[in-house]
Each structure stands twice: as C-alpha cells, then as structure tokens.
1. Could you tell me which residue of region 320-352 is nearest to residue 100 (Cα to Cα), considering only residues that are more than 21 Å from the chain's Cα centre (by Cα) and in a helix (DSSP H, G or I)?
2. Can you go through 182, 194 and tell me which one is β-branched (Val, Ile, Thr), closer than 13 Å to residue 365 by Cα and surrounded by 21 or more Cβ atoms within 10 Å (Cβ to Cβ)?
3. Being of a type outside the set (Gly, Ala, Ser), over 19 Å from the mean Cα position of the chain (by Cα) and either farther than 21 Å from residue 364 by Cα or surrounded by 15 or more Cβ atoms within 10 Å (Cβ to Cβ) (or both): is that true of residue 123 here?
4. Specify which of the listed residues (62, 16, 87, 28) is surrounded by fewer than 14 Cβ atoms within 10 Å (Cβ to Cβ), in contact (Cβ under 8 Å) with a residue 60 or more places away in the chain and not assigned by TED's automatic domain parsing to the domain that holds residue 235.
5. Within region 34-49, identify whether any single residue is surrounded by 14 or more Cβ atoms within 10 Å (Cβ to Cβ), small (Gly, Ala, Ser) and closer than 20 Å to residue 125 by Cα, and answer yes or no.
6. Is region 17-25 home to any residue that is within 17 Å of residue 293 (Cβ to Cβ) and either part of a strand (DSSP E or B) or in contact with an Asp or Glu (Cβ under 7 Å, 6 or more places away or on another chain) (or both)?
7. If I filter region 146-157 for residues that are modelled with pLDDT under 95 and either in a strand (DSSP E or B) or not hydroxyl-bearing (Ser, Thr, Tyr) (or both), do I get at least one hit?
8. Which condition does residue 248 not pass, out of (1) part of a strand (DSSP E or B); (2) without any contact (Cβ under 8 Å) to a residue 60 or more places away in the chain, if it passes all the others?
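The values are calculated or read from the model by the stated rules, or taken from the named source; none is laboratory data. Quick caveat, the model's predicted, so the values are computed rather than measured. Cβ placement follows ideal geometry from the backbone for every residue including glycine, while neighbour counts extend to all protein chains displayed.
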Amino acid sequence: MNIRFFAPDTDAYVSSVLKHLPEFEARSGHRVTANIIPTDEYFSNRIHHHLQGHEAADVYMSGPVLLWEHLEGGFVESLDPFLATASPGYHFEDFFDTLIRANRWTGRFGDRLGTGPLLELPVNCESYNLVYLPGELERLGLAVPQTWSEYFKAAKTIAQESPTRVHGFGQRGVDIWHTMYTGYATQFWSYGATDFDATGHCVIDSPAGVRATEDFIAALKVSGPPDWTNQRWYELALDAAQGKYGLLVDSDHYVAFFEDAKFSNQVGKLGYALPPAGPEGLRKPNQWTWSLVMNAKSTEKASAWQFMEWASSREFLLQSALEGNMNPTRASVWEAPAFKQMTKTWGHFPEVSRTLAEVQGSVLVTPARNYLQVATRWTQALREAYLGKDTVPHALQRAARDIDVLVDRS
C-alpha cells in the first residue's frame with residue numbers, strides 16, 4: 001500500500017519523519033511517498049491542489065488557523081474512530097490535555113476549541129516565551145521584564161545603549177497571518193483585549209486593543225527590528241541565535257536553533273522566562289500546535305492511520321525531539337532521561353516551556369473557518385499603523401469592520 005505524506009521543507013519534525021521512513025516501511029510493509037514543498041508556499045495555505053485528485057495526500061501537516069480552512073474545504077477526517085482502534089502501546093492519554101483540546105472543534109463559528117471531533121494529532125507545539133540576553137541586561141542594570149511595560153522600557157534602553165550591536169526586541173513583521181499570532185497576540189490578550197466578543201462581532205478596536213497596539217507600534221519604532229516589515233520567522237530565529245536582540249517573545253521551539261552551535265553563538269548563554277504580564281497582571285500566552293491530519297479525501301485511511309500512529313507514538317516523538325523537534329507534546333518525552341540530559345544546560349527552558357505547553361498556553365483566537373483572512377487583515381492594520389499610513393485606532397477600526405463582513409459564521 002502506498003501512503004502519501006505532504007509537508008513543508010524547513011521543519012525539524014518533518015526531517016525526522018523523512019529520516020526514519022525506511023523503518024516504518026520495513027515494519028508495516030507499506031510504502032510512503034513524501035511530497036515536500038517550500039515553507040512559504042506551504043504556510044500560505046494555498047495547498048488544496050495537493051489534497052485532491054488521484055495523487056492527493058493521505059496525511060499532511062497543519063495547525064490551528066490553517067486547519068480550520070482545510071476543514072471548510074472538506075480535507076479533514078475525524079480521528080476519533082481511529083483512536084478506538086489504536087494499539088495498546090499508543091497511550092493517547094500521554095498527550096497533554098491542553099494540546100488535544102486545541103485540536104478539537106465543532107467547525108462552527110462561536111464554538112470554542114475543546115469540543116467536537118479530534119481533527120489532528122499534535123506532534124510539536126509552540127507557545128511564546130521570553131528569551132533574553134542575561135549579559136546585556138546585567139550590563140545595563142536591567143531586571144528580567146515581568147510586565148509588557150517593563151519589556152518595552154528595557155528594549156528601549158538596550159536599543160539606545162547598543163545601537164550597532166543589539167536591537168531592543170525581535171518581532172515578525174511580514175504581511176502574512178502569523179505576524180499577529182505570536183508575540184503580539186500574547187501581548188494583546190494579556191492587556192485584556194480579544195478578537196471577537198460574545199455576540200460574534202470583531203472588537204480588536206476596543207480600548208484595551210487600541211492601548212495594546214499603540215504600545216506595540218510605538219515600541220517597534222523605537223527599539224524593534226529596523227526592517228520590521230520584512231522580518232520572517234526563520235530569519236528572526238537565526239538572528240536571535242546570533243545575539244542580535246536583547247529580548248524576544250516568540251516561538252519557544254526556537255530553542256532548537258538557540259542551543260545548537262551550528263546556528264547559534266549563544267549556546268548556554270540565553271535566559272528563558274514566561275512572557276510578560278499585562279497592565280492588570282494577566283498573562284495570556286498564545287499557543288499553536290504542529291500536527292498530523294488525515295485527509296478526508298484519502299482512499300487509504302486505514303493505512304494512513306497506521307502511519308499517523310507510528311509518527312505520533314511515544315517512541316518516535318522522543319526520537320524526533322532528540323533530533324530537534326521542539327516542543328514535545330507528550331508527557332513521557334519531557335520525562336525521558338535522554339530528553340532531560342539534552343536540555344539540562346538550557347537554563348530554565350524545560351520548566352518554562354513545559355508550563356506553557358501543559359498549563360498556561362492556549363489557542364486564544366476565536367476559531368473560524370476563514371481565520372486566515374481575519375489574521376491577514378489584522379496584520380495589514382498593524383503594518384499600516386507602523387508605516388504611518390493610518391492611526392492605530394482608525395486602522396483597527398477599519399480592520400474590525402472589514403473582518404465583521406468577511407468572517408465565516410457558518
């Protein structure tokens with residue numbers, strides 16, 4: 001039986017799968033054909049032509065926001081019936097409950113995550129931790145920021161005192177959906193703001209939302225990346241690994257770059273902490289999971305499940321974590337002696353990121369089948385305000401009204 005696997009190219013989990021495919025093929029008797037495309041193309045989500053037709057993928061990679069659009073297209077199979085057939089050694093209960101809830105949804109706008117069918121299996125997760133240069137903070141007499149106000153003030157000091165060496169803070173800025181999803185979203189919700197109210201109307205232009213965004217845009221201009229509108233996640237991670245930012249709130253799976261001498265000159269030197277709290281003491285880290293999805297259009301679902309069970313097993317996820325696939329989604333991987341040995345020199349990373357994955361992190365955005373459009377329109381408003389094309393209140397107000405029109409309430 002031939003199983004088709006579809007994924008992007010710059011991903012540690014995917015690299016592990018490709019590396020160990022011969023082991024699965026030898027054990028199962030199945031053959032796996034991998035279709036790997038460039039990351040930027042994959043995350044644009046314009047991939048439905050790979051999910052239909054006579055060569056449609058049986059299993060593919062996705063995550064919240066991206067997945068919801070695939071659900072609208074009819075490319076997502078519920079996994080609950082297959083879980084009932086899983087082998088005794090699969091131990092589904094070993095996955096963190098937070099991550100399983102993040103991947104259950106009814107598909108109806110207004111219904112929160114955590115109810116409905118299981119749509120994907122999390123094999124990697126990220127939340128948004130605070131990474132900092134301890135030496136830089138110490139040199140300038142700065143404490144590790146506990147609030148967003150302290151974060152932006154510290155970033156300003158760093159930028160002023162180290163204008164040619166270190167930028168104050170790093171942040172994604174390209175005109176794509178996940179620019180608003182990472183550090184900015186964690187700040188936005190920590191200020192007490194949200195995307196939609198209980199009636200389903202977009203409220204990113206609320207007083208709390210405007211305050212959060214004004215603080216964010218003002219700080220970017222003073223101490224953010226000088227080319228913020230061109231900052232992609234990959235370059236951001238590599239620059240941070242070279243000590244080019246004093247502070248960063250972004251994906252905690254960047255640790256795979258930060259603590260690897262192939263990419264980093266900061267191995268063993270970085271500090272890790274929970275993200276800052278908002279003005280009222282709220283700390284609301286956003287979350288994302290990188291997951292395996294079964295294509296509803298697959299004609300080989302039983303075989304596809306065998307592949308998914310192998311590629312999300314305790315054994316494989318430990319192996320992939322040791323090969324750079326951060327962060328683990330199973331408790332057993334965090335507890336494994338080999339994983340603890342690998343991460344023991346990474347400062348407070350293990351306890352911080354496990355807390356984010358297991359306890360504090362959650363998918364904050366309101367699920368909608370076209371949230372990709374919502375997030376893209378929101379990102380456009382941020383860029384307009386940053387570039388001086390509009391004020392923050394008016395840019396958010398215009399975006400909110402546009403989002404009210406385009407959101408899929410089906």
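1. If we take residues in region 320-352 being more than 21 Å from the chain's Cα centre (by Cα) and in a helix (DSSP H, G or I), then 332 is nearest to residue 100 (Cα to Cα).
2. Result: 182 is the single residue among 182, 194 that is β-branched (Val, Ile, Thr), closer than 13 Å to residue 365 by Cα and surrounded by 21 or more Cβ atoms within 10 Å (Cβ to Cβ).
3. Criteria not met by residue 123.
4. It is 87.
5. no
6. The answer is no; no qualifying residue exists.
7. No: region 146-157 contains no residue that is modelled with pLDDT under 95 and either in a strand (DSSP E or B) or not hydroxyl-bearing (Ser, Thr, Tyr) (or both).
8. All conditions are met except number (2).
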